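Quick notes on the structure that follows.
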Amino acid sequence: MNQHRKMVIAGNWKMNKTPNEAKQLVKKLIPLVSAATCEVVICVPYVDLHAALEESRGTGLKIGAQNCHYETSGAFTGEISAKMLAEMQVDYVIIGHSERRAYFGETDVTVNKRALACLKFGLNTIICVGETLSQRQAGITEEVLRMQTKLALADLTAGETDKLVIAYEPIWAIGTGLAATAEIANNACFMIRSAIKEIFDDQTANRISILYGGSMNKNNAAELLSQPDIDGGLIGGASLEPHDFAKIVEIAVG
Ligand code: 13P
């Protein structure tokens, strides 16, 4: 963490919780995180957005979606646009999660298009990047992260990065209980920041928050979040349990 960047603790609920369950979970979470001085976000399924937004109105808790389409409107059955999310006053959106890339055919090109659309509509946009286990074992982690970062940020100007957040999520650490060590995670976040420096400039790269995601929990959060290039967490499993998530928030604000 660096004091010039905002600390973000974001939960990714993935495909969990119905609207009623979401309402209950948000209700439980709000008093637990109300004193937080960092950005606290939960990214919920589309159908839970309304309930989560209603329940969190007037509190500091920010609500996010887990994806969005790059076109504003049109014949794209089943898709949701950035304009729709913005009108609902959704604050955040996750783009390019590895599960979207692996199971739903998303590519670096569509991730870039989605990110540009989200930023155009003023959404805080969390772009996910991360290597597979075989890429790490082959020694090409840095190349993979640089390529994913550069392609995701193509056609973006430095001035448009105010609402940009990057999440480093090594695929081998997601949902496995095997988080990256603090050293591995920090080195990867540093590589991503270096790639951002090459695209834009030092000042821009030093302003963008880079989160770590992959089996972060209340036991490993302190070490991960104390690293100089890690500015927060993107948390899956542990974000479904309000006390665990709130504990990570507490650790983040120190
Ligand atoms: P887990 O915290 O369950 O490993 O999930 C991480 C993740 O994919 C967040 O987007």
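Rule-based calculations on the coordinates, nothing more; no lab input. Only a predicted model underlies this, so the values are computations on that prediction, with no experimental measurement involved. Quick reminder, even Gly has a Cβ in these numbers, built from the backbone with ideal geometry, and neighbours come from all protein chains shown.
In table form, for the structure just shown:
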read-out	value
Per-q log10 I(q)/I(0), segment 144-193, q = 0.23, 0.28 Å⁻¹ (Debye; single scatterer per alpha-carbon; no solvent)	-0.93, -1.14
Ser134 versus Asp201: modelled label distance in nm, points set 7 Å from Cα along the beta carbon direction	4.2
Segment 55-103: chymotrypsin sites (Phe, Trp or Tyr not before Pro) falling in loop per DSSP and having at most 16 other Cβ within 10 Å	Phe76
Charge dipole (debye, nearest 20) of the chain; +1 at Cβ of Lys and Arg, -1 at Cβ of Asp and Glu	360
Within segment 106-254: Cβ-based charge dipole about Cα centre, in debye rounded to nearest 20 (Lys, Arg +1; Asp, Glu -1)	240
Net length gained if the chain between Val109 and Thr77 were fully extended (0.36 nm per residue, minus Cα distance)	9.5 nm
Furthest towards positive pole of dipole, Met84, His97, Thr72, structure part segment 42-101, Cβ charges	His97
Where a label projected 7 Å from the Cα of Glu160 along Cα→Cβ would reach, residues of segment 76-104 with amide N under 15 Å	82-83
Helix-derived mean residue ellipticity, 222 nm - over the chain, DSSP H n ≥ 4, -39500 (n - 2.57), to 500	-12000 deg cm²/dmol
Percent of alpha-carbon pairs separated by more than 34 Å within the chain	9
